[in-house]
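Structure first, then comments.
The values are calculated or read from the model by the stated rules, or taken from the named source; none is laboratory data. All of these numbers come straight from a predicted model, not from anything done at the bench. In this analysis, Cβ positions are derived from the backbone assuming ideal geometry, glycine residues included, and neighbour counts consider all displayed protein chains. Areas reflect the complete protein model, heavy atoms only, side chains present, ligands, DNA and RNA absent. Shrake-Rupley method; radii C 1.70, N 1.55, O 1.52, S 1.80 Å.
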Amino acid sequence: MKKIIFCDLDGTLLNNQKEITSLTKNTIKELKKRGVEFIIATGRGYLGAKTFKDILEIESEIICNNGSTIYDKEGNKIFEKLIDKKISKIIFNLCLNNTTDFLATLGENMYLTQNTYDKILNYLKEEPFKPVIVSPEELHKINFEKIVLLDNNYENLKKYKIILDENFPQEIKSFISQHNFLDIVNSNCSKGIAMEYLANIKGYTLEETLAFGDAFNDLEMLQMAGEGVIMANGFKELHNIIEKKALPNSEDGVARYLIDYFNLYSVDKF
């Protein structure tokens, strides 16, 4: 039986309205009573992730920014890997002559240029970041936790991923986390690496872990976990890689899977 669960938020634990349902909350509460830990592993920053940790009423670490930062139960940063500022400048220049928008995060701050401010805030309405407007010339002064390229053309993101992976394999990793988001982090981090880090310090083996996700930034975590589960609404390419499937996020897929796996059928009556 698995002892610790790692779970993505958007497209996985949250429904399409970016909410945690009562069934999901009650399921995780019941697991806590049985000694099973539940840890959020998200591409979001700390403030965005903590909102849902508080709703779930769990006392646990949080994996943020696709594993480039990990926070302990009290909200202290215990792990961090940053992107070299020279790489940030190169990535920004890649976007300059295209329709792609650039943002980067560090702590509670979201860094963007003036011409993309309004557009990006529409993308990230629910994220409680503090926007910081910077000039292109200032980008080379900052080592970021995560960079996000935003483009409604999915093919553009796939093209950028190929370019970045071929040219900077030792410096960065890139993941398509949503159909219009390409996430970029330091090459020495991922949700999978963060999962292994936390499992080790807690005394668990990877075989004792269960993980849920829906996108490419979850893939390494799903492959490394003792059991990895892809959401029915997840990227189609991942369904050919990950064997275990859950119902869509819009149908309480994570909760339904956990109820079956841990025999929590009484939770359905709440």
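If you place +1 on the Cβ of every Lys and Arg and -1 on the Cβ of every Asp and Glu, how big does the dipole about the Cα centre of the chain come out, in debye to the nearest 20?
Details: 33 positive and 40 negative charges, 45 e Å.
Here the chain has a charge dipole of around 220 debye.
With the cut-off at 32 Å, report for the chain the share of all Cα pairs above it, as a whole percent.
Working: 7327 of 36315 pairs.
For the chain, the fraction of Cα-Cα distances above 32 Å is 20 percent.
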**OP:** Run down the lysines and flag those whose C-alpha is under 20 Å from the C-alpha of residue 173, throwing out any fewer than 8 positions away in its chain.
**Re:** 81, 85, 86, 89, 146, 158, 159, 161, 191
Original post:
How much area per residue is accessible in the range 132-224 when the probe is 1.4 Å and only protein heavy atoms are counted (Å²)?
Top reply: 41
Original post:
In terms of solvent-accessible area of protein heavy atoms at a 1.4 angstrom probe, what is the ranking of 44, 34, highest value first?
Top reply: 34, 44
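Among 21, 51, 99, 105, what's the order by accessible area (1.4 angstrom probe), most exposed first?
Largest accessible area first, the list is 99, 51, 21, 105.
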Subject >> Relative contact order of the chain, defined on C-alpha pairs under 8 angstrom at six or more residues apart (%) >> reply: 22
Original post:
Roughly speaking, what is the stretch gain from residue 73 to residue 206, that is 0.36 nm per residue apart minus the C-alpha to C-alpha distance, in nm to one decimal?
Top reply: 45.8 nm
Original post:
By DSSP, what percent of the beta bridges with both residues in the chain are antiparallel, rounded to the nearest 5?
Top reply: 55
Original post:
Which of 200, 42, 58 sits closest to the plus end of the dipole of the chain, meaning its Cα is farthest towards the positive end, when Lys and Arg get +1 and Asp and Glu get -1 on the C-beta?
Top reply: 58
Original post:
Working out 0.36 nm times the residue gap between residue 84 and residue 244, then minus their Cα-Cα distance, what length gain in nm do you get to one decimal?
Top reply: 54.0 nm
**OP:** Please calculate how many Å² of accessible area the range 1-105 carries per residue, with a 1.4 Å probe and no DNA, RNA or ligand atoms counted.
**Re:** 40
**OP:** Whole Å is fine, so just give me how far the alpha carbon centre of the range 185-219 lies from that of the range 54-89.
**Re:** 13
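Of all accessible surface on the chain at a 1.4 Å probe, what whole percent is carbon and sulfur? Please list the in-between numbers first.
Working: 5710 of 11980 Å².
Roughly 48 percent, rounded to a whole number.
Mind ranking 151, 252 by accessible surface for me, highest first, 1.4 Å probe?
Details: 151 5, 252 30 Å².
The most accessible residue leads, giving 252, 151.
To the nearest 0.05, what FRET efficiency results for residue 135 and residue 159 with a Förster distance of 35 Å applied to their C-beta separation?
On the way: r = 26 Å, r/R0 = 0.75.
Once the sixth-power term is evaluated, E becomes 0.85.
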Original post:
Angle between the Cα long axis of helix 191-202 and the longest principal axis of the chain, 0 to 90 degrees, nearest 10?
Top reply: 50
**OP:** Mind grabbing the accessible area of residue 133 for me, 1.4 Å probe, Å², rounded to tens?
**Re:** 70
